[in-house]
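Trainee: After the structure tokens below, expect a handful of questions from me.
The values are calculated or read from the model by the stated rules, or taken from the named source; none is laboratory data. As the structure is a prediction and not an experimental result, all values here were calculated from the model. Quick reminder, even Gly has a Cβ in these numbers, built from the backbone with ideal geometry, and neighbours come from all protein chains shown.
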Amino acid sequence: MEWSTKPRHPDLPFGSWADDLAAAFVRLEPRRLADHPFEGAISRADAAPIQISLVTATRHTVLRLASHIASSTDDLCFVNLQLEGVGRTTQRGHEQISTPGDLALADTTEPFEIANCHNFRLFCFAVPRGLLPKRMLDRPRLNLSATEGGRALSRTLAGYAELCLSDFQRAKTSAMVGAHLIDLISQAPEILTDVAAERVHIPVLLSMMLDHIDRHSDDPALGAATLAARFRCSERYVHRLFATTGRSVGEHVNEKRIVACTRRLLDSAARHKTIAEIAFAAGFRDISHFNRQFKRCNGLTPREFRRVTAAP
């Protein structure tokens, strides 16, 4: 579902934005921070038992007032992942400052204020209160951008949100992602306190490791030892995690590298590159190993693949 507001009358600075917020979230009151034109858009997807929204808007403040709560039966928490801009969430006298990559939590059963003093984008995860650990509700501090583990978690949350909001989502996939997102969000305090990896839930840690592989597959040294050092656990524990996927760390890494090489071989702009140059740039160290892996995945050697897919 989508909502978009671009007011045309000066005497109605927010247009239908208050109604759009109520339809997408709960009843909120928008207020101006400065005399400037307002624009806002919301895209929302259901990922039972939560809802995921992408909010893009010019700077403004929203308030959850006691009058809103008195006429509401909503029992939700908003967990906002800042993508652009800087947000300030104030509730129960506690202030959370969110820069890109940070989370902020707002409990809709009590008054709060969320101020964005600059134009902003954020993902909002609307989660039933009872599904979050109670320790998260009392003076939350969720500055994920402050640690490597937190940044990895932030990227993973954003990836799942993008998946659910894409045009290709399916109901079954969204439900699975919704449950997993709750696990990821619930683990944020532990990840930020820099606890040992073995104390982080397996699905959460595995998602973070897979995200690391996605982003660093071109590192020739990437493997179980690298992941163990990055996430402060033993290599044996890394192997145990990946055993639950049915594939080894090396198989996950090779798959990402082969995909990168396949795309490069299909790219007309890379025709001047040798196959070895493409393989080494993707992280392979041994051209014979690369050739075997490529043929196993694509049914052709890299040279044969390039020849048959070349434009006439």
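One line per residue, one yes/no per condition, for (1) outside any loop (DSSP other than H, G, I, E, B); (2) farther than 18 Å from residue 213 by Cβ:
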{"position": "242", "(1), (2)": "yes, no"}
{"position": "247", "(1), (2)": "no, no"}
{"position": "269", "(1), (2)": "yes, yes"}
{"position": "284", "(1), (2)": "no, no"}
{"position": "294", "(1), (2)": "yes, yes"}
{"position": "297", "(1), (2)": "yes, no"}
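Trainee: Here's something else I'd like to know. For residues that are assigned to a loop (DSSP other than H, G, I, E, B) and farther than 10 Å from residue 40 by Cβ, scanning just the range 1-19, find the one that is modelled with the lowest pLDDT.
Mentor: Ranking the qualifying residues of the range 1-19, first place goes to 10.
Trainee: For the range 49-68, check the following and say yes or no: at least one residue is within 23 Å of residue 161 (Cβ to Cβ), more than 25 Å from the chain's Cα centre (by Cα) and among the charged types (D, E, K, R).
Mentor: Taking every residue of the range 49-68 in turn, at least one turns out to be within 23 Å of residue 161 (Cβ to Cβ), more than 25 Å from the chain's Cα centre (by Cα) and among the charged types (D, E, K, R).
Trainee: Select from the range 4-25 the residues that are in contact (Cβ under 8 Å) with a residue 40 or more places away in the chain and either out of contact with any strand residue (DSSP E or B) (no Cβ under 7 Å at 6 or more places or on another chain) or farther than 23 Å from residue 110 by Cβ (or both) and list them in ascending order.
Mentor: If the condition is that a residue be in contact (Cβ under 8 Å) with a residue 40 or more places away in the chain and either out of contact with any strand residue (DSSP E or B) (no Cβ under 7 Å at 6 or more places or on another chain) or farther than 23 Å from residue 110 by Cβ (or both), then 14 is the only one that fits.
Trainee: So which residues in the range 293-312 are of a type in the set (Lys, Arg) and within 34 Å of the chain's Cα centre (by Cα), if there are any at all?
Mentor: 295, 296, listed by residue number.
Trainee: Please go through (1) assigned by TED's automatic domain parsing to the domain that holds residue 46; (2) among the basic types (Lys, Arg); (3) in contact (Cβ under 8 Å) with a residue 24 or more places away in the chain for residue 134 and return the number of the only condition it doesn't satisfy.
Mentor: Looking at each condition in turn, residue 134 falls short on (3).
Trainee: Being surrounded by 15 or more Cβ atoms within 10 Å (Cβ to Cβ), over 20 Å from residue 156 (Cα atoms) and either modelled with pLDDT of 90 or more or touching an Asp or Glu at 6+ places or on another chain (Cβ under 6 Å) (or both) is true for just one of 57, 45. Which residue is that?
Mentor: Going through 57, 45 in turn, just one is surrounded by 15 or more Cβ atoms within 10 Å (Cβ to Cβ), over 20 Å from residue 156 (Cα atoms) and either modelled with pLDDT of 90 or more or touching an Asp or Glu at 6+ places or on another chain (Cβ under 6 Å) (or both): 57.
Trainee: Now a separate question. Give the residue, chosen from 164, 77, 124, that is touching a helix residue (DSSP H, G or I) at 6+ places or on another chain (Cβ under 9 Å), over 30 Å from residue 35 (Cα atoms) and not in a helix (DSSP H, G or I).
Mentor: 77 is the lone residue from the list that is touching a helix residue (DSSP H, G or I) at 6+ places or on another chain (Cβ under 9 Å), over 30 Å from residue 35 (Cα atoms) and not in a helix (DSSP H, G or I).
Trainee: I'd like the residue in the range 20-42 that is more than 23 Å from residue 125 (Cα to Cα) and either in a helix (DSSP H, G or I) or not acidic (Asp, Glu) (or both) and, out of all such residues, is modelled with the highest pLDDT.
Mentor: Top of the filtered list is 38.
Trainee: What is the number of the single condition among (1) in a helix (DSSP H, G or I); (2) closer than 14 Å to residue 210 by Cβ; (3) of a type outside the set (D, E, K, R) that residue 280 does not meet?
Mentor: Every listed condition holds for residue 280 apart from (2).
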